[in-house]
Each structure stands twice: as structure tokens, then as C-alpha cells.
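Just so it is clear, none of the values below were taken in a lab; they were calculated from the coordinates. These numbers were taken from a predicted model, which means no experiment stands behind them. So basically every Cβ, Gly included, is an ideal-geometry build from the backbone, and we count neighbours across all protein chains shown.
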Amino acid sequence: MTSLSLILTTGVNSIILSSMYILLALGFAFLFSIMGILNFAHGVIYMVSAFLCLKFTLLLGMNPWLALVCTVIIVAIFGVLLERFIFRRFYGDMNGTIVACLGIIAVLQNSVVITEGYVVEKIPEFAHGFMRIGAFSVSWERIVTLLVGVILLVLVLLFINRTKQGQQMQAIAQDTEGAIFQGISIHGIAALACIIAFSLAAVSGSLMGSYLSFSPYMGDNITMKILQILVLGGIGSINGILYAGLILGTLDASLPIFVNAAAAQAIVLFVIVVILLFRPKGLFGREV
Amino acid sequence: MSNERISTNISSWNRNYQFIIYAALIVVLALIPVFISSPFIIHICILTLVYIIATTSLRLVMTSGQFPLAHAAFMGIGAYSSAMLSKYWGWSPWLTIPIGAILAMGLGVFIGFPFSKLRTFYYAMVSVFFGAGIVQVIVAFGKYTGGSGGLAGIPTLFGAASKIPYFYFFLALAVVSVLIMYRLEFSRFGLNLKAIDQSYLVAGSIGINEARNRVIVLGIGCFFAGLAGAAYSAYNMGISPTNIDMTATLWLVLYVVVGGMGNFAGPIIGTIFLYMVPQFYRGLKEYTPFLTAALLFIVIFFIPKGIVSLPKLIWQKLKGRKTKREISQ
């Protein structure tokens with residue numbers, strides 16, 4: 001591999017990783033700023049979506065795109081139920097959230113382990129073949145993932161800024177009581193936020209499932225990444241999430257070339273710690 | 001970190017009753033190996049004791065308002081340093097265990113200074129990342145630390161024949177550690193910590209040096225965490241990153257929260273309830289975590305302040321008084 005193609009491949013990988021991370025982090029940020037819940041279980045939702053998509057394509061022989069849609073629908077409904085029965089109880093309560101999320105993680109992870117075992121598999125591809133530009137080739141798979149990720153990202157951003165519901169979400173995030181005074185339905189918007197957040201996680205899980213091979217425990221890693229993005233970017237700032245996601249995606253795609261995977265993780269983590277020590281609010285954070 | 005003020009006051013029971021109960025408990029524990037000969041149960045008790053040391057030290061740090069979400073990583077520092085010193089340099093575990101604890105304490109103090117600038121949520125986040133970073137560093141130096149497979153072949157304290165000497169060793173270790181932490185919590189120092197937790201502004205205004213106290217308590221907490229980890233590694237003859245990663249820290253926090261953060265005995269009860277009890281329904285094999293999760297949900301939905309608050313809750317219900325949650329709703 002020439003160095004140019006290495007750079008291009010790394011570039012594509014980093015954009016893919018960044019867009020997936022940003023999708024996940026955006027969903028997580030919705031849940032956090034609207035309901036005050038640190039959804040530690042977000043990574044597990046990602047993992048469960050990947051497994052669901054796998055089941056749909058392998059067992060039922062569905063077209064991968066159809067499986068993706070079905071997975072998203074199921075996970076979104078599950079998210080609404082979670083919000084209604086569990087998360088609502090713990091708005092703003094950190095201790096209860098930790099316990100409840102760990103319970104959810106235990107149940108979901110164990111269900112996957114029971115039904116799936118420790119076998120590591122991949123979802124059949126969404127798109128086949130390779131695209132070639134000169135000496136550089138990249139699979140259509142990755143291009144498709146990249147496109148879907150970026151399109152979804154743009155859609156979500158448009159939703160937040162241009163639609164009424166999106167602005168209601170911003171209002172709740174800025175000042176919950178003020179939003180109630182304006183007649184905004186907290187529970188309704190929270191349900192909508194859950195749908196969006198869990199759908200984004202489902203899409204990320206399904207797409208990444210065909211890109212990486214996976215295990216029932218990959219959700220933990222993803223949750224850690226989401227937390228890194230959120231804190232680095234700063235709470236309460238969408239721009240922060242975008243930039244932080246881009247930075248982290250690029251680092252995660254490029255560092256493992258030079259050092260081994262664990263050392264790359266360690267470097268990224270310690271760099272984040274140092275940044276936070278000097279700027280606790282994160283790069284773009286506003287409020288506490 | 002929650003919006004509600006968690007009370008960390010002394011329990012309202014008479015202190016003498018508490019003392020008698022604790023003493024009786026220790027006597028009962030000391031007699032366990034006499035009556036129970038199953039090595040498996042002894043093993044469970046030993047691990048419970050290890051986790052009791054870890055969770056009690058975690059709670060001690062939490063009384064100052066900090067959420068040190070890197071606790072299992074400090075256990076790992078103690079464990080790995082003790083393991084590597086005794087395995088590669090041939091030092092006796094009796095020497096390396098305290099050294100491991102001191103190293104963990106040193107690292108805790110070292111990061112305690114910069115971290116003490118941050119409050120609640122941000123402190124929790126840097127702790128999480130720092131802890132995860134430590135684990136990754138341990139895995140990255142796989143040549144020395146055995147990588148993600150773990151380190152094995154660590155010299156032991158009493159040989160591998162019987163678990164009974166280990167049981168008494170850990171019992172003594174746990175009793176001494178818990179006693180030290182008890183005396184720390186119910187001293188002027190402990191009151192300072194609680195003051196910092198309740199309002200750092202007022203505490204600062206009466207002359208409590210917030211940063212210094214927070215660093216000291218973090219050092220103490222990390223010392224006991226390292227001690228627990230190092231002793232565990234010498235007993236287990238092996239240590240692996242899965243014992244000390246983020247999930248392990250979260251479960252330690254879980255033991256404390258479910259047991260009850262407001263009471264000194266909370267982490268002990270939480271550890272017994274969440275670690276020891278599930279071992280006895282292990283017969284469910286792969287369905288075990290479901291039952292544990294069910295227990296978690298039951299506790300968090302109905303007894304939000306932890307199991308320790310159960311007697312008070314029952315008494316309130318019997319007397320027909322409303323709980324704070326019902327009043328606020």
C-alpha cells in the first residue's frame with residue numbers, strides 16, 4: 001500500500017468512525033440534555049441493534065436494508081418503553097441512573113450472550129464490490145456507510161434547528177421550567193428524543209456491524225467513546241460534539257497504525273484528561 | 001452528584017449497639033471456617049472481604065463529594081505492581097502488597113491535585129477516563145503485564161494448599177481496614193469531608209482546606225483500593241484487566257449505592273447483597289445476571305436510598321408517615 005492510499009484509506013475510515021461516533025453521541029446528548037440522564041446503556045443498545053440486524057439478515061434472510069429498518073423500528077419502540085418505565089423515574093438522579101443502566105446493560109448483554117454465545121460474526125454487506133480510483137480501492141460498503149452517516153447527521157442537525165420539535169428540544173435543554181411555562185410537553189418531547197436517540201444508535205450499530213466484527217461486550221467500549229466525545233466537546237453544545245467526534249474518529253482511525261490498539265486508546269484517554277484539566281467545560285462547552 | 005442531598009450523618013442507633021453488633025459479626029465470621037469446609041464458600045467469603053475493603057474505601061472518598069470512578073483501576077495498580085515486583089524481582093508478597101498499596105496511594109495523590117480543581121460531573125468524567133487510561137496502559141505493556149490475558153504465576157502468601165489461612169488473613173485485613181476507615185469517617189477529618197460535600201463554599205469559609213482534604217481522602221481511598229487489589233492478586237495467583245476495568249468500577253459503585261451511601265455499613269451490606277448472594281443462585285448458570293438485574297431494579301425502584309434505609313422505610317410505612325418522595329410528588 002502506497003502511503004497515499006494509506007492516507008486516503010485512513011481518511012475514509014476516520015470519516016466513517018467520526019460520523020458513527022457523532023450519531024451515537026448526538027443521541028446520547030439528546031437524552032442527557034433533555035432528561036438529565038447519562039444513558040450508560042447507549043453502547044449496549046448499539047450492540048443489541050447490531051445483533052438484531054444480524055438475526056434479521058441471517059435467520060430471516062432479509063435484505064440488509066430491510067433488516068436495518070426493522071431493527072430501527074424495534075429499537076425505537078424499546079427506547080420509548082425504557083423512557084416511560086425506567087428513565088422517567090430517574091430524571092436528574094445520578095445514582096439511580098447508574099443502577100438502572102447497569103441493570104439494563106446486564107439484562108441486554110446477558111440476553112445476547114445466551115442467544116448468541118461468544119461467536120463472532122459479521123452482518124452480510126449492504127453493498128457489494130469495490131470502487132477503484134487509480135491504485136486506491138475502497139469497498140462500496142464503506143462508502144455507503146459514510147454516506148448514510150453523513151446524511152443522517154445533516155438530517156438530525158436540520159431537525160434540531162429548523163423544526164418546531166427540534167426547537168422545543170433546545171428549549172427544554174436550556175431551561176426546563178421555562179419550557180414547561182411555554183406549554184411544551186416534556187414527556188412528549190422526551191419520548192421523541194428517545195426515539196431519535198435510539199434510532200441513531202440502531203443505525204450505527206447495524207452499519208458498523210457489517211464493518212467490524214463484534215462481540216456482546218462491544219457496547220462498553222462504545223459507551224466510553226460516547227462519554228469522551230460528550231465531555232471533550234462540552235456539554236450543551238452541538239458543535240462541540242461534531243468537532244470532538246471528528247477529532248476522536250480521526251485519532252481512532254490513525255493512531256493504531258503507529259502503536260498497538262491499547263496504547264492508542266491510552267494516549268487518547270490521557271490527552272483528553274489533560275485537556276479537561278485545563279478546560280473542564282470541554283472545547284465548546286457553555287453551561288455546567 | 002444527584003440533586004437531592006444525601007444524608008451522610010451518623011446513624012441514629014445507639015453507638016453501643018452498633019459496636020456490639022459489629023463485634024458479634026466479626027466473631028461469627030471468624031468461626032465460619034470451623035463450620036463450613038467447602039473451599040468454594042471460603043473463596044466467596046474471601047472475595048467478599050476484598051470487595052468490602054474496596055467499597056468502603058470508595059464510599060469514604062464519596063463522602064467528600066467526589067465520585068472517584070477509577071477505583072478499580074487503582075486496585076489494578078496495587079495488584080499489578082505487587083504482582084510484577086514479586087514475580088519478576090522475587091520479592092516476598094508480604095513486602096510487595098504494602099508497596100503496591102503505597103504506589104496506588106502515590107498515584108492517587110499525584111492526580112488528586114489537578115483533579116481537585118474539578119467538581120462533581122467533570123471530576124467523575126476525568127476519573128472515568130483516567131481509570132480507563134490506566135487499564136489500557138496496563139494492557140499496552142503486555143510484554144510485562146501479560147496484556148489482556150492477564151498475569152499469572154504470582155507468588156502467594158501461604159502456599160496454594162488450603163484457603164483457610166487466606167481467609168483469616170483477609171478477615172484481619174478487612175477488619176483493620178474497616179476499623180481505620182470507620183475512625184477516619186467519624187473524626188474531625190470525616191466531618192470536614194462531609195462539610196465539603198454539603199457546601200464547599202461554606203466549608204471553605206470556615207477554614208477547611210477543600211483541596212487538601214480531598215487529596216488526602218483520595219490518597220487514603222486509593223491506598224485501601226491498592227491494598228485490596230494487591231492482596232487479591234497474591235491470593236488469586238493471577239490478575240487480569242477484566243477484574244479492574246470500567247465495568248468493575250461501576251459495580252463497586254453499584255455495591256455502595258445499592259447498599260446505601262448514607263451509612264457506613266452501606267457498602268458492606270451492598271457487597272454482601274450484590275456479590276455474595278448471587279453466588280448462591282449460581283445454579284441458574286447463564287440466567288444469573290437476570291436475577292441480579294431484577295434485584296437491582298427492585299432495590300432502586302422501591303428503596304432508593306439503599307438497603308440500609310430499609311428499616312427506616314418500613315417503620316415509616318407502618319406508622320403511616322409519608323416518605324420524602326411521596327411528599328415531593
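Put a dot 7 Å past the Cα of residue B:318, heading toward its Cβ, do the same for residue B:288, and the two dots end up 3.6 nm apart. The residues neighbouring residue B:211, those whose beta-carbon lies less than 12 Å from its own, together hold a net charge of +3 under the Lys/Arg +1, Asp/Glu -1 convention.
The Cα atoms of chain B define a convex hull whose projected area, averaged across directions, is 18.2 nm². Only helices enter this figure: runs of n ≥ 4 DSSP H residues, each worth -39500 (n - 2.57), summed and divided by the residues of chain B, yield -23000 deg cm²/dmol at 222 nm to the nearest 500. Taking only the Cα atoms of segment A:20-219, how large is their convex hull per residue, in Å³? Per residue, the Cα convex hull of segment A:20-219 comes to 121 Å³.
For the options B:167, B:129, B:74, a Gaussian network treatment of chain B with springs between C-alpha atoms closer than 10 Å singles out B:129 as fluctuating the most. Helices assigned as whole DSSP H runs in chain B whose Cα atoms extend at least 27 Å along their own long axis and whose mean Kyte-Doolittle hydropathy is 0.0 or higher are found at B:15-35, B:39-62, B:93-115, B:120-140, B:164-185, B:210-236. Structure remark: mean-square fluctuation, Gaussian network model of chain B, C-alpha springs under 10 Å; the largest value among B:38, B:57, B:81 belongs to B:38. Per-residue Cβ neighbour counts within 10 Å put B:245, A:175 in the sequence A:175, B:245, beginning with the fewest.
Residue B:116 sits among other residues whose Cβ lies under 13 Å from its own Cβ, and their net charge, with Lys and Arg +1 and Asp and Glu -1, is +3. Charging the Cβ of each Asp and Glu at -1 and of each Lys and Arg at +1, and nothing else, the dipole of segment A:20-219 about its Cα centre rounds to 240 debye. In terms of surrounding Cβ atoms within a 10 Å radius of their Cβ, B:319, B:117, A:281 rank from fewest to most as B:319, B:117, A:281. Listed by chain and number, the lysines placed with their C-alpha closer than 23 angstrom to that of residue A:281 are A:225, B:117; residues fewer than eight positions away on the same chain are left out. Over the protein assembly as shown, the alpha carbon radius of gyration divided by the compact-protein estimate 2.2 N^0.38 Å works out to 0.98. The mean count of C-beta atoms from other chains within 10 Å of the C-beta of residues in B:245-255, rounded to a whole number, is 3.
Put in line by how crowded their Cβ is, counting other Cβ atoms within 10 Å and starting with the fewest, A:83, A:177 read A:177, A:83.
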